[in-house]
1. What is the mean projected area of the alpha carbon convex hull for the range A:1-98, to one decimal in square nanometres?
2. FRET efficiency for residue A:18 and residue A:55, Cβ-Cβ distance as r, R0 = 25 Å, nearest 0.05?
3. Which of these, A:18, A:53, A:77, has the largest mean-square fluctuation under a Gaussian network model of chain A (Cα springs below 10 Å)?
4. Hey, what's the Kirkwood Rh for the range A:20-70 if you take every pair of different alpha carbons, in angstrom?
5. Run the Debye formula on the Cα coordinates of the protein assembly as shown, all scatterers equal and no solvent, and tell me log10 I(q)/I(0) at q = 0.09, 0.16, 0.18 1/Å.
6. Rg to Rh ratio, the range B:11-93, alpha-carbon atoms and Kirkwood radius?
7. Under a crude label model (7 Å from the Cα following the beta-carbon direction), how far is residue B:78 from residue B:11 in nanometres?
């Protein structure tokens, strides 16, 4: 079963507008959440993260929101730029144990000029 | 800026042949991960090392896959024999320890394997 779900395979937005990428999780033991960005034929690049004790983390144009009661997080990109076009993966880590990262299937973001 | 190094970038191999991938993590990172990413899917953990010890290999197909990190630094992932379904991107990542819990993992550029 998929513990981290990204239900939108793709998203298309206009340059300058807001991009909102969503992620849902089922495992209440997750304590740390991360977003990665991936270009074709390259490895994922860390973008931003949030601890389960927070509900918001901001870094420049990128903001991640966490709603623990809904087991939902979202990544906001404002303003969106054509260079943001990539696949975005949501990942979560379980507290204790091996601390491995569990990834969603990704959302392909296209920012149109 | 420190990076995770992987080689080769691309590998084409025939079915039933052996293939190996190499990874050199960021200096000082105690945790090393091998992930496999099939097109259209998210990365899936194959094996995780803490220093030279395996801490999670529950998803590693042990009949054909093996991984080692003998000196707790660089690592090798081997497939013998390769099957058509092994075609994927193989990603290595590392994360720090240093007295605090691991946070983000940093990925290498990956090895794109094609089995023909």
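Laboratory data are not the source of any read-out in this text; all were calculated from the coordinates shown. This structure is a prediction, so every number in the text was calculated from the model and none was measured. Because the Cβ atoms are built from the backbone with ideal geometry, glycine has one as well, and the counts that use them run over all protein chains shown.
1. Details: hull surface 27.4 nm².
Averaged projected hull area, Cα only: 6.9 nm².
2. Details: r = 19 Å, r/R0 = 0.74.
Efficiency computed from Cβ-Cβ geometry: 0.85.
3. Its mean-square fluctuation being the largest, the pick is A:53.
4. Values: mean 1/r = 0.0822 Å⁻¹.
Value: 12.2 Å, from the Cα pair sum.
5. -0.37, -1.13, -1.36
6. Details: Rg = 12.5 Å, Rh = 13.1 Å.
Ratio of gyration radius to Kirkwood radius: 0.96.
7. Here the modelled spin labels are 1.1 nm apart.
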